[in-house]
Amino acid sequence: WLYARRGRAVKMILAMLLAIGVCDAVASRFIKPSARRSRPAEAGLSVTLRSHRPGRYSFPSNHACNSFAGATVLGMAEPHLLWPAMVVAALVAYSRVYVGVHFPSDVAAGALLGLLVGGAVGAGLLRFGGWARPSRSAQKR
């Protein structure tokens with residue numbers, strides 16, 4: 001499948017990387033320094049940290065942002081992969097709360113940002129990047 005559709009696959013991978021890069025930059029360079037939200041352990045909550053010591057700020061979760069951005073682009077390019085990709089992205093987001101490095105609202109905000117950025121990148125490529133699939137009537141001709 002991947003080899004047979006390699007041109008489309010390369011576009012899809014590049015689009016996913018673009019969406020992930022934009023999400024990561026917006027969250028880490030702009031939102032986190034502005035929000036300056038402490039991590040759960042630093043906010044005085046008793047959490048079991050199941051991960052290495054994370055970066056300074058918590059809001060929003062870059063992992064959630066990046067995984068939802070990638071999943072959204074993948075789902076827009078290949079609609080049959082939308083729900084499996086979203087399940088994986090949700091598990092990544094949940095893992096950040098489970099390991100004790102984010103509040104649930106951090107991952108919710110990251111997921112929302114990822115959906116927005118991924119949707120914008122995917123919509124742009126559907127409109128301008130030649131991703132639009134031919135209609136069924138055009139395929140029958």
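A few remarks follow.
- Selection status of Ser38, part of a loop (DSSP other than H, G, I, E, B) and either of a type outside the set (Phe, Trp, Tyr) or at pLDDT below 90 (or both): yes
- In the set Val99, Val87, Val92, Val117, only one residue is of a type in the set (A, V, I, L, M), more than 12 Å from Val73 (Cβ to Cβ), surrounded by 15 or more Cβ atoms within 10 Å (Cβ to Cβ) and at pLDDT 90 or above; that residue is Val92.
- Selection status of Leu82, within 14 Å of the chain's Cα centre (by Cα), surrounded by fewer than 17 Cβ atoms within 10 Å (Cβ to Cβ), closer than 27 Å to Ala35 by Cα and among the hydrophobic types (A, V, I, L, M, F, W, C): no
- Figure legend. Inter-residue proximity from the stretch 108-126: first residues over 12 Å from Val26 (Cβ atoms), second residues open to solvent by 20 Å² or more (accessible area, probe 1.4 Å) and among the small types (Gly, Ala, Ser), beta-carbon distance below 6 Å, spacing 6+ or different chains. Indicated pairs: Leu126/Ala132.
The values are calculated or read from the model by the stated rules, or taken from the named source; none is laboratory data. Quantities reported herein were computed from a predicted structural model and do not represent experimental measurements. Cβ coordinates were reconstructed from backbone atoms using ideal geometry, including for glycine residues, and neighbour counts include every protein chain displayed. We work out accessible area using only protein heavy atoms, side chains counted, and drop any ligands, DNA or RNA first. Shrake-Rupley method; radii C 1.70, N 1.55, O 1.52, S 1.80 Å.
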